[in-house]
1. Checking the conditions here, which among 112, 119 is hydroxyl-bearing (Ser, Thr, Tyr), in contact with a helix residue (DSSP H, G or I) (Cβ under 9 Å, 6 or more places away or on another chain) and over 22 Å from residue 161 (Cβ atoms)?
2. Checking residue 187 against (1) under 20 Å from residue 3 (Cα atoms); (2) among the hydroxyl-bearing types (Ser, Thr, Tyr); (3) surrounded by 21 or more Cβ atoms within 10 Å (Cβ to Cβ), which test does it fail?
3. Taking the stretch 44-65 as the search range and keeping residues that are at positive phi and in contact (Cβ under 8 Å) with a residue 40 or more places away in the chain, which one is surrounded by the fewest Cβ atoms within 10 Å (Cβ to Cβ)?
4. Of all residues in the stretch 97-116, count the ones that are among the basic types (Lys, Arg) and within 10 Å of residue 154 (Cα to Cα).
5. Please list, ordered by first then second residue, the pairs with beta carbon atoms under 7 Å, 6 or more apart or interchain, first in the stretch 93-107 and touching a residue at least 24 places away in the same chain (Cβ under 8 Å), second loosely packed, with under 14 Cβ neighbours inside 10 Å and among the hydrophobic types (A, V, I, L, M, F, W, C).
6. Tell me, which residue of the stretch 70-90 that is free of Cβ contacts under 8 Å to residues at least 60 places away in the same chain and within 24 Å of residue 166 (Cα to Cα) is surrounded by the fewest Cβ atoms within 10 Å (Cβ to Cβ)?
7. Mind listing just one residue for me: the one in the stretch 127-139 that is in contact with a helix residue (DSSP H, G or I) (Cβ under 7 Å, 6 or more places away or on another chain) and touching a residue at least 12 places away in the same chain (Cβ under 8 Å) and, of those, surrounded by the fewest Cβ atoms within 10 Å (Cβ to Cβ)?
8. Counting just the residues of the stretch 123-145 that are in a loop (DSSP other than H, G, I, E, B) and among the aliphatic types (A, V, I, L, M), which one comes out farthest from residue 165 (Cα to Cα)?
Amino acid sequence: MLVKIVIQDLGFSYRSTPVLNDLTFNVGKGKFLGLLGPNGSGKSTLIKCINQILRPGGRIVMDEEELQKMQISDVARRIGYVPQSEAMGMPMTVYDTVLMGRRVHMGWRPSSHDLDVVSGVLDKMSIEPLAMDDIWELSGGQRQKVFIARALAQEPEVLLLDEPTSSLDLRHQLDTMETISALVKNSGISVVMAIHDINLAARYADTVAMIRKGTIYGIGKPKDLFTPEAIKDVYGVEASFLYDNFGNPVIVPVKATDEAL
């Protein structure tokens, strides 16, 4: 596997409370890595550390360049980020929202290339008909696609997503995951996604990392890593396993255990 990002001995604490401890793993070039774990395990914190929103200990190396030594503007040109949620802001069209993704490249005004990138992203995400609509009047699923489009307008090499399906209905969850999967396959972008739904991760992610109490419990292909023992250890849940027509595991929770997570 070609490696895009190397994470070595990463640690982070909020004041005196450790959240992430000695994490070491790689993100493959043109691959989809899913981050899984219970609430409070450190998934969102890890995403923010990779993006340099938070400044962790250890090393994060991207194409042999250490991210902690790069200017934030340079990081933003190479890494796109879609947060878990965004507070409702002032009225803004879909077009202008996506154009905001070009800020790290623009001068005082957008160039013809900036406008071409925005038009291309709107088309790629199938939201061009919504371009003049107010983003805050869209459905949750449509708005999520706009936020992904804004990140893609940065022309990033890596896309970080924090729980992008958490507030969506089933159809929009699948639509979002299909869109991200297609981006990985067609554009060669590397994706790191924090995700709650273990079955969506099993279906779409190339690799998954299970996080428990701020450490990596295991990392590998979903069909190899997801076992009844792993689900019990990480989530405190006994589960049954089925398999879909593509051979992907489908995890059915049975009951919670008495073990503290």
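1. Working: 112 fails: in contact with a helix residue (DSSP H, G or I) (Cβ under 9 Å, 6 or more places away or on another chain).
Among 112, 119, only 119 is hydroxyl-bearing (Ser, Thr, Tyr), in contact with a helix residue (DSSP H, G or I) (Cβ under 9 Å, 6 or more places away or on another chain) and over 22 Å from residue 161 (Cβ atoms).
2. Just one mismatch for residue 187, condition (3).
3. Step one: filter the stretch 44-65 for residues at positive phi, giving 52, 58, 63-64.
Keeping just the survivors that are in contact (Cβ under 8 Å) with a residue 40 or more places away in the chain gives 58, 63.
Details: 58: 17, 63: 12.
Checking each candidate, the answer is 63.
4. Residues of the stretch 97-116 that are among the basic types (Lys, Arg), as a first pass: 102-103, 109.
Next, from what is left, pick out any that are within 10 Å of residue 154 (Cα to Cα): 102-103.
So the answer is 2.
5. Close Cβ pairs (under 7 Å, with a partner that is loosely packed, with under 14 Cβ neighbours inside 10 Å and among the hydrophobic types (A, V, I, L, M, F, W, C)) amount to 93/132; 95/132.
6. By that ranking, first place goes to 87.
7. Here is the first cut: in the stretch 127-139, the residues in contact with a helix residue (DSSP H, G or I) (Cβ under 7 Å, 6 or more places away or on another chain) are 127-128, 130-133, 135, 138.
Still in the list and also touching a residue at least 12 places away in the same chain (Cβ under 8 Å): 127, 130-133, 135, 138.
Numbers: 127: 21, 130: 21, 131: 16, 132: 9, 133: 15, 135: 22, 138: 16.
Residue satisfying both the conditions and the ranking: 132.
8. Our first condition is that a residue be in a loop (DSSP other than H, G, I, E, B); within the stretch 123-145, this holds for 125-127, 131-133, 138-139.
Of the ones still in play, those that are also among the aliphatic types (A, V, I, L, M) are 125, 127, 131-132, 138.
Working: 125: 16, 127: 18, 131: 22, 132: 24, 138: 16 Å.
Only one residue fits best here, namely 132.
Laboratory data are not the source of any read-out in this text; all were calculated from the coordinates shown. Every value quoted in this text rests on a predicted model; they were computed, and no experiment measured them. All Cβ positions, glycine included, derive from the backbone under ideal geometry; neighbour counts span all protein chains shown.
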